[in-house]
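This report refers to the structure that appears directly beneath it.
Read the figures in this text as sums done on the coordinates, not as results from a lab. These numbers were taken from a predicted model, which means no experiment stands behind them. We place every Cβ from the backbone using ideal geometry, glycine too, and count neighbours over all the protein chains shown.
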């Protein structure tokens, strides 16, 4: 087994450490590695009881950019913690796959403005015309950050 794979194994084990900062730092480090070998551990971390581990795992998966993680991130869009949902939306936007559009359109209806804002951002990054109706509706959002992001995202979509 290569040294890198051993280190990845250690970091994945760190996701289960009793100390919260070790768990969060392990998830963050796995994302910085950026290798597809870390995907299984990070997908598992999306189900961790600690919300910061789930949030860092979502962020890390977005940095890796593999479409294989989209189902896990779509599930994270349903997380009970708004920060995990916000981070999952951003990660899906970083990946840029049209497969994420239905989940992101649903996230535009979330009760927290920052989740809606990140969903609008993500839809703009994806750049698909399928997002236009949801983004147009988001222009009327009561939060100016969300409506502003929706306008910016609409400008990114080539029609």
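Considering only 137, 32, 16, the mean-square fluctuation computed in a Gaussian network model of the chain, springs between alpha carbons under 10 angstrom, is largest for 137.
Between 61, 46, 123, the GNM of the chain built on Cα springs shorter than 10 angstrom shows 46 fluctuating the most. Against the chain, whose longest principal axis comes from its Cα atoms, helix 20-33 is set at around 80 degrees.
Using the rule -39500 (n - 2.57) for each DSSP H run of four or more residues, divided by the residues of the chain, the 222 nm mean residue ellipticity is -20500 deg cm²/dmol.
Using Cβ counts within 10 Å as a stand-in for footprinting exposure, how do 147, 66, 111 rank, fewest first?
Details: 147 18, 66 12, 111 7.
Listed from fewest to most nearby Cβ atoms, that is 111, 66, 147.
Among 110, 18, 48, determine the one that fluctuates most according to a GNM of the chain built with springs between C-alpha atoms less than 10 Å apart. With Cα springs under 10 Å in the chain, the top fluctuation among 110, 18, 48 is at 18. Stokes-Einstein diffusion for the chain, with the hydrodynamic radius set to the Kirkwood value over Cα pairs and evaluated at 20 °C in a medium of 1.002 mPa s, equals 137 µm²/s. Helix 144-156 axis versus longest C-alpha principal axis of the chain: approximately 90°, rounded to the nearest ten.
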